[in-house]
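The structure appears right after this line, and notes come after that.
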Amino acid sequence: MLIGAWSFRITSNGTVEAGPGYAEVVAYVRFMGTDVAVIGLGNLGAGLVRALTAAGLSVTVWNRTPGRLDGLAPLKIRFAESAVDAASSSETIIMAVSDYDAARHLLDEIGGANLSGRLILQWMGGTPDEARALGDRLANYRARVVDVLLLSYPSDLESSAVVYVAGASEDVALAASLVFSRTQWIWTNVGQDLGRAKAMGHILEPMIDHAVEGFLIGAALAEHEGMGMLEYFEASRTAIGVAAQTLEGTAALIDSGTYISGQMTLTLWSAGLDRQIAHAEKYGIDVTTLRHIRAQMDQRIAAGFGNEDIAGLHAVIRGSSAFGTEKTTAD
């Protein structure tokens, strides 16, 4: 069943404008119904099953290790006898196996004929290239393919999990979101490149990891200052909002090709960081990460870029000594 060139658009004022493919997508979703097969019952797969059954969808499951099924026994789900049985049971299939290598073996077992025309969600960890390669193979089977990145814990799937989807045309992405519209997942379609969702993960994870490490350093300081963790967390909420504004300005500086904001300089940033390091070390807190950032600042300042804002560290991190800005004298 072919779906129209486009099904919907988000207008500049945020409203949804239905296109010529929209009715076809709705018909396709009705054709698929509310039956979903989940193959792979690790933490992710089990979380998906709980979320989908809670949302009222009919779920069929299969896992290579039968013991994984025990924890799901109380749920109203169908236990398939084989991977082929599971794949044949629904027009929508979620492959929630450990990685793309396991997914390739799974496809060998299921066979392309059992996947033709079905909506397949590649929901596993891996690289952008692995996502593209598996998606291309599924496309050769005439399956409709979506690659998925979960930017939350599996337990969040029963609430408002953040989900990135890639590789789908607008129509197929909409079809996937409509199938799962009973959940509270926050869907974001990041484009038709099948590797884009996994690329988004590789892009965002360093930021999240360092943010968590920064939060933990702050938690250690809060303890020494007699501040409770709930009070610290509430203060962090406000700080995160301020940080988002700073990051927006930083992104604009990088995009513009200059790192000079006229508001802050690396020289001032480094002085402030020195105070933070000294305060943390007074309590014996590990400041290895902060010292690494300080060393990057020193490198940029020594090269003559002390009047740049924090965005100037982008040149150090990406391995360029003088990217996009003229050489200036440190303050």
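Below are the figures for this structure:
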read-out	value
Per-pair calculated FRET efficiency, R0 = 25 Å: residue 219 and residue 295 via Cβ, rounded to 0.05	0.55
Residue order, fewest to most surrounding Cβ atoms within 10 angstrom, among 146, 97	97, 146
Neighbour count of at most 16 Cβ within 10 Å plus DSSP loop: longest GluC sites (Glu not before Pro)-free window in the chain	82-224
Distance between the range 96-113 and the range 155-211 - C-alpha centres, whole angstrom	21
The chain - charge dipole about Cα centre, Lys and Arg +1 at Cβ, Asp and Glu -1, debye rounded to 20	640
Virtual spin-label span in nm between residue 202 and residue 43, 7 Å along Cα→Cβ	2.3
Rg in Å to one decimal, and Dmax rounded to a whole Å, for the chain via C-alpha atoms	24.3, 71
Rounded, prolate or oblate (a/c below 1.5 giving rounded, otherwise prolate when a/b exceeds b/c) for the range 55-100 by Cα gyration tensor	rounded
Given charges at beta-carbon only (K, R positive; D, E negative), |dipole| of the range 171-256 in Debye	400
Approximate spin-label separation residue 255-residue 79, in nm, with each point projected 7 Å along Cα-to-Cβ	5.3
Percent of beta bridges antiparallel (DSSP, the chain, rounded to nearest 5)	25
Label-point separation, residue 109 to residue 276 (7 Å along Cα→Cβ), nm	4.8
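Read the figures in this text as sums done on the coordinates, not as results from a lab. Everything quoted here is computed from the prediction, not taken from an experiment. Heads up, the Cβs are rebuilt from the backbone with ideal geometry, glycines too, and the neighbour counts pull from every protein chain shown.
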